[in-house]
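Worksheet: one structure, shown below.
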Amino acid sequence: MKFFVDTADTAEIRELAATGLLDGVTTNPSLIARSGRKFIEVVEEICGIVEGPVSAEVVALDHETMMKEAAILRKIADNVCIKVPLTIDGLKTCKALSDDGCMVNVTLCFSANQALLAAKAGASFISPFVGRHDDNGFDGMKLIEDIRLIYDNYAFDTEILVASVRHPIHVLESAKIGADVMTAPPAVIKALFNHVLTDKGIAGFLADWEKTGQSLL
Ligand code: E4P
């Protein structure tokens, strides 16, 4: 499973990229607003940090303007992936961009039928929002299972990018279902490295190593 980080904080992206485990980045207008920086400038910097797809979202609601915005965003770097909302105009834009060889991430997916439409529109990625789904009394992981089944039934190439990930269990369940990618905030990715027994084990081994009086270097 590929790991994307969901942030516009370039310091966090650099830190995670240095682990060698980061496959891409997703941003959205809220994350750009939180960064307090200019959209184009942030995307440009992120594209210089990671080689994988960097999602940059259009903000128009109509197809023509989405295409104009996408044209600006595509010029930033080859690894820009245009993010469009799951609407009729968004999917029209997805079809036009993917036919033109551009990566597209269809965002704000909340049903398996929406995911089916995005795949038919040639999306590179579909982003089902599991956290927001759970928040509203639905089962986010069931949505991922349904999309996996449908995409496998028809051998769609669209990758399932689990989004709105809130905690490590979302990551675990996504991996068990066979989602292609997950995008999570930096804190959730960092939490994946931790286990209390790992810390306890290191402390015990180091205490015993001290007793040997030896040094490795
Ligand atoms: C994905 O691309 C979105 O940016 C993101 O996962 C939304 O997550 P949220 O529901 O925590 O805002």
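Rg and Dmax over the alpha-carbon atoms of the range 88-217 stand at 20.5, 69 Å. Each residue of the range 121-196 gets 96 Å³ once the volume of the Cα convex hull is shared out per residue.
Seen from Ile88, the other residues with C-beta closer than 15 Å to its C-beta sum to a net charge of 0, counting Lys and Arg as +1 and Asp and Glu as -1. For the chain, the 222 nm mean residue ellipticity estimated from helices alone, with every DSSP H stretch of n ≥ 4 adding -39500 (n - 2.57) and the total spread over all residues, rounds to -15000 deg cm²/dmol. The string of couplings for the range 55-64 from the Karplus curve (6.51, -1.76, 1.60, θ = phi - 60°) is 7, 10, 9, 6, 10, 6, 10, 9, 4, 4 Hz, one whole number per residue in order, with x for Gly and Pro. For Val25, nonlocal amide neighbours, meaning residues 5 or more places apart or on other chains whose placed amide H falls under 5 Å from its own, are Val5, Val54, Ser55. Distance from the alpha carbon centroid of the range 60-114 to that of the range 146-217 works out to 30 angstrom. Judged by the mean number of other Cβ atoms found within 10 Å, the most tightly packed of the peptides 11-19, 174-182 leads the ranking 174-182, 11-19.
For Glu159, the residues whose amide H sits under 5 Å from its own are Phe125, Ile126, ignoring neighbours fewer than 5 places away on the same chain, with H placed 1.01 Å from N. Between Ser30 and Asp208, the modelled labels are 4.7 nm apart [label points 7 Å from Cα along Cα→Cβ]. Packing-based ranking of 53-62, 183-192, 130-139 yields 53-62, 183-192, 130-139, ordered from highest to lowest mean Cβ neighbour count within 10 Å. For the range 2-212, the convex hull drawn through the C-alpha positions has a volume of 138 cubic angstrom per residue.
Coordinate-derived values only; no laboratory data. Since we're looking at a predicted model, the values are computed, not measured. All Cβ positions, even for glycine, are placed from backbone atoms using ideal geometry, and neighbour counts span all protein chains on display.
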